[in-house]
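Accompanying notes for the structure given below.
The values are calculated or read from the model by the stated rules, or taken from the named source; none is laboratory data. Keep in mind that this is a model prediction, so the values were computed, not measured. Neighbour counts are summed over all protein chains in view; Cβ atoms, including those assigned to glycine, are modelled from backbone coordinates with ideal geometry. With ligands, DNA and RNA removed, areas are computed over all heavy atoms of the protein, side chains included. Shrake-Rupley method; radii C 1.70, N 1.55, O 1.52, S 1.80 Å.
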Amino acid sequence: MVKKVSVRELVEATHLQVFAGEDQLDKRYITVSDVSRPGLELIGYFDYYPHERVQIFGLTEISYLQKKMTHQERQMVLNRMCESDTPALLVSRQLDIPREMFAAAQKAHIPVLGSPLMTTRLSSVLTEYLESRLAQRRSLHGVLVDIYGLGVLITGDSGIGKSETALELVKRGHRLIADDRVDIYQQNEHTIVGEAPMILQHLLEIRGIGIIDVMSLFGAGAVREKSEISLIVHLVNWSPAQSFDRLGTNEATQQLFDVDVPKITIPVKVGRDLATIIEVAAMNFRAKSMGFDATKTFEANLTKLIAQNENDNQ
């Protein structure tokens, strides 16, 4: 099934103005995240015209239409641009819209929209919104929490304590994004974003208590709509037969779509304060990303000590 976004959804999400075609907003759909700024099309070259995209007209395009083209040329070009699957014509910077654009759009039943934003900024806003809506999505079992600005995805078997740990983290001032089910999508080549399904937003399930509304109990500052997933913390039941990383030298990752996300495995055992451990894991991950690696410091000190002992024995 092809994902699509109605023009009305785009208008409401990005605060666009509707100058014509109000009755077409629910009938026109966008299926690609890219937008188009017509260039060669204005001089009549349509061989590779991306007609399925939202067409954005900025200062350059409007100026060329008004100053360099005749009335007949504007009619011809704009009529050609208004194809059956063209979602909308959008003019930035609150520029005056040529009457030929209104006529061509009305003939093809295409909405004419406007925005006060600069053209480059407008393109960025539209692309970001459409990428998030049209991106391929996947659901993961886990809990996503914002810890010191890092999106930490806590995974593990059912009943291992993910939600209880998330509750303790929220009590410490961190923010819940999603509990039990996390919807993820790839925003770009390096970023995976996670959010809660609409039906589960702000909710947390605690065995023995039931479902609680985190925003109602702890305030709006205790929740967040979505976050980049920077780190995966996988919880496993402790077993003496299983070895765990003690020095932090194993740099494991888990692939989500096309992105390798750093992953650490934490053993769960009675008496371990998981909230504190995960909190420290997030701080340590941030320190490493800033170039402060305690493991490398330890290895350097160990190498120095070995060399010093060898010199003393000579």
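Pull up all non-local amide H partners of Gly142: gap of 5 or more, or a different chain, and H-to-H distance under 5 Å with H placed in the peptide plane.
Hits under the 5 Å cutoff: Asp180, Arg181, Val182.
Which whole-number percent gives the relative contact order of segment 24-97, counting Cα pairs below 8 Å spaced six or more residues apart?
Numbers: 81 pairs, mean separation 29.0, N = 74.
Relative contact order, segment 24-97: 39 percent.
From the helices alone, meaning DSSP H stretches of at least four residues, give me the mean residue ellipticity at 222 nm for the chain, per-run term -39500 (n - 2.57), in deg cm²/dmol to the nearest 500.
Values: 9 runs with 104 residues, N = 314.
Mean residue ellipticity at 222 nm (helix-derived): -10000 deg cm²/dmol.
How many nm separate the modelled label positions at Lys171 and Lys269, each set 7 Å beyond the Cα in the direction of the Cβ?
2.3
On average, how much accessible surface per residue is there in segment 44-159, in Å², for a 1.4 Å probe, leaving out ligands, DNA and RNA?
On the way: 5500 Å² over 116 residues.
On a per-residue basis, 47 Å².
Quick one: what are the phi-derived ³J(HN,Hα) couplings along segment 178-191, Karplus 6.51/-1.76/1.60 with θ = phi - 60°, whole Hz, x for glycine and proline?
Computed from phi, the couplings for segment 178-191 are 8, 10, 6, 10, 10, 8, 10, 8, 8, 7, 7, 5, 10, 10 Hz.
When only C-alpha pairs under 8 Å and at least 6 residues apart count, what is the relative contact order of the chain, in percent? Could you put the intermediate results ahead of the total?
Values: 540 pairs, mean separation 41.0, N = 314.
For the chain, the relative contact order is 13 percent.
Let me know the whole percent of all Cα-Cα pairs from the chain that are separated by more than 38 Å.
Details: 18816 of 49141 pairs.
That tail contains 38 percent of the Cα-Cα pairs.
Normalised by the residues of segment 69-193, what does the relative contact order come to in percent, with Cα pairs under 8 Å and at least six apart? Present the calculation step by step, with values, prior to reporting the outcome.
On the way: 149 pairs, mean separation 25.7, N = 125.
RCO, segment 69-193: 21 percent.
Which ³J(HN,Hα) values in Hz, rounded to whole numbers, follow from the phi angles of segment 223-238 under the Karplus curve 6.51 cos²θ - 1.76 cosθ + 1.60, where θ = phi - 60° and Gly and Pro get x?
Working through the residues one at a time gives 10, 9, 5, 7, 7, 5, 8, 9, 8, 10, 10, 9, 9, 9, 5, 5 Hz.
Any of Lys4/Lys226; Lys162/Lys296; Lys263/Lys304; Lys3/Lys171 with alpha carbons more than 32 Å apart? Name them for me. Provide the component values of the computation, followed by the final result.
On the way: Lys4/Lys226 21 Å; Lys162/Lys296 30 Å; Lys263/Lys304 30 Å; Lys3/Lys171 38 Å.
Where the Cα-Cα span goes over 32 Å, the pairs concerned are Lys3/Lys171.
With unit charges on the beta carbons (Lys and Arg positive, Asp and Glu negative) and the dipole taken about the Cα centre of segment 69-123, which residue among Ser84, Gly114, Ala103 sits farthest to the positive side?
Gly114
In the full protein assembly as shown, how much of Thr303 is accessible to a 1.4 Å probe, in Å² to the nearest 10?
90
Probe radius 1.4 Å, ligands and nucleic acids left out: which of His109, His51, His174, His15 has the largest accessible area, and how do the rest follow?
His15, His109, His51, His174
Per residue and in cubic angstrom, what volume does the convex hull of the Cα atoms of segment 76-211 have? Show your work: numbers first, answer last.
Values: hull volume 22.3 nm³, N = 136.
Output value, Cα hull per residue: 164 Å³.
Keeping the other protein chains in place, figure out the carbon and sulfur percent of the accessible area of segment 139-262, with a 1.4 Å probe. Can you show the working numbers first?
Working: 2980 of 6360 Å².
Carbon-and-sulfur percentage of accessible area, whole number: 47.
For the chain, with only Lys/Arg (+1) and Asp/Glu (-1) charged at the beta-carbon, what is the dipole magnitude about the Cα centre, in debye rounded to 20?
Numbers: 34 positive and 40 negative charges, 89 e Å.
Computed about the Cα centre, the dipole is about 420 debye.
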